[in-house]
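Here is the structure we will look at, set down as structure tokens.
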Amino acid sequence: MNTSFRFVLDRSSKKFKCNKCGNKSLVRYIDTNTGEFLPIEYGRCDKETRCSYHFNPYKEGYLKQVEGSDQIKIINRQTPVNPLIPLREKKTILFDWDTFLSTLNSKGYSENTFVQNLLLNVPFPFEVEDLRDVIKLYKLGTIISGNRKGAITFPFIDIEGGVRAIQVKQFDKLNHTINGGTDFLHSMIQRECDYKKYEYPEWLNGYLQQERKVSCLFGEHLLRMFPENPVALVEAPKTAIYGALYFGLPCSFHDLIWLAVYNKSSFSIEKLSVLQRRKVLVFPDLSEHSNTFKEWRDKAEIIQNKYPSINFIFSDLLEKGSNDIDRNRGLDLADYLIQYDWRVFRGFSYNLP
């Protein structure tokens, strides 16, 4: 009988901050096939008498995920991390899982403009290990061929582990979106099939019939991994990634998890109902006459009336620190953060009420 395991707890003396108690006592799992650590949430706290944190890659379905099994089975529905987190009941046609996995080819990151900028071209480059952990946690990928080669992929993964949509973004050396650089992977596949006169893949036919493709939050899958953490909510996936890199990934249940709605109109009751029983710190993008801030705040009141357990807390940090030029340009939190050394922000706490 084969008694070997692909994922094992690291036997070295290296420890990380525990996601629950905050002590540097987390022993992470290692993939014996690659010798690399699993994403930072997979591990066990060695202070077992005081902290019960143990995120097991076998129980949580990570093995099925990396082996490309059906996305519906990624979350073990018999043993959810937190049964209080609501699941959306509406049936949706998910993005093809194998196609999603193809974006995670590790060789692509060396040509990923967004990733390379964060390592080399920003005023305060990030550590490779931090960037690697964020990539794994948010499942960021790369387009490795075609006219969008080097573009980054932002997958919208729902709370059940299904991929709803994959946004594709091309950035310049300042990590600003280039003109015409926003796309979606399903649209790229559709255009290629049309150009080559191929039949659409079977999954794509049903997928295209859905009116709304981006039907969950970016980073929504993290709600199951960190069931007690407050949420920082922004508009764009890029801003959420910057937030995670600057403030750090969750090391205790007090730390923020960074999610994005996708665009201004996506601050909606359909998407945000999944945030029940959460404190949600909201950072609206700047806009002329503060229109986005006012619109989101008004919508938040309506959402909170229906779901009183959602506690929205609006940050006016950008509004107070900006001028009319910044508002008219529609700057966001990422535009300000990137000007500062990320080390200053690590360990910062908002002390949310």
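The values are calculated or read from the model by the stated rules, or taken from the named source; none is laboratory data. Note that the structure is predicted; figures quoted are calculated from it, not measured. Heads up, the Cβs are rebuilt from the backbone with ideal geometry, glycines too, and the neighbour counts pull from every protein chain shown.
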Practice prompt. Inspect segment 208-230 for any residue being assigned to a helix (DSSP H, G or I), modelled with pLDDT under 95 and of a type outside the set (A, V, I, L, M) and give the result as yes or no.
Written response: yes
Worksheet item: Quick one: in segment 172-230, which of the residues that are on the phi < 0 side of the Ramachandran plot and among the basic types (K, R) is surrounded by the fewest Cβ atoms within 10 Å (Cβ to Cβ)?
Response: K196
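Checking the conditions here, which among I257, I269 is under 23 Å from Y42 (Cα atoms) and of a type in the set (V, I, T)?
Values: I269 fails: under 23 Å from Y42 (Cα atoms).
Result: I257 is the single residue among I257, I269 that is under 23 Å from Y42 (Cα atoms) and of a type in the set (V, I, T).
Could you check segment 178-206 and list, in sequence order, the residues that are among the polar types (S, T, N, Q), at pLDDT 95 or above and closer than 30 Å to Q339 by Cβ? Lay out the reasoning, then the answer.
Initially, segment 178-206 is screened for residues among the polar types (S, T, N, Q), giving 179, 182, 187, 190, 205.
Imposing the further condition that a residue be at pLDDT 95 or above reduces the set to 182, 187, 190.
T182 - this is the single residue of segment 178-206 that is among the polar types (S, T, N, Q), at pLDDT 95 or above and closer than 30 Å to Q339 by Cβ.
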Response to the item:
Note on segment 153-180: residues part of a strand (DSSP E or B), of a type in the set (A, V, I, L, M) and more than 13 Å from the chain's Cα centre (by Cα) are V168, I178
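Filter segment 127-152 down to the residues that are part of a strand (DSSP E or B) and in contact with an Asp or Glu (Cβ under 6 Å, 6 or more places away or on another chain) and list them by number. So that I can check it myself, show each step before the final result.
Looking only at segment 127-152, we keep the residues that are part of a strand (DSSP E or B), and these are 141-142, 152.
Hits for segment 127-152: nothing passes.
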Item to complete: Go through segment 273-325 and give me each residue that's among the small types (G, A, S) and within 23 Å of Y242 (Cβ to Cβ).
Response: S287, S290, A300, S315, G321, S322
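Please specify each residue of segment 89-133 satisfying the condition of being β-branched (V, I, T), closer than 20 Å to A244 by Cβ and surrounded by 14 or more Cβ atoms within 10 Å (Cβ to Cβ).
Pass one, segment 89-133, residues β-branched (V, I, T): 92-93, 99, 103, 113, 115, 122, 128.
Next, from what is left, pick out any that are closer than 20 Å to A244 by Cβ: 103, 113, 115, 122, 128.
Matches in segment 89-133: T103, T113, V115, V122.
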Discussion item. Which pairs turn up if I take residues in segment 3-25 that are acidic (D, E) and look for partners that are outside any loop (DSSP other than H, G, I, E, B) with beta carbon separation below 9 Å, at least 6 apart in sequence or on another chain?
Written reply: D10/V27; D10/R28; D10/Y29; D10/I30; D10/F37; D10/G43
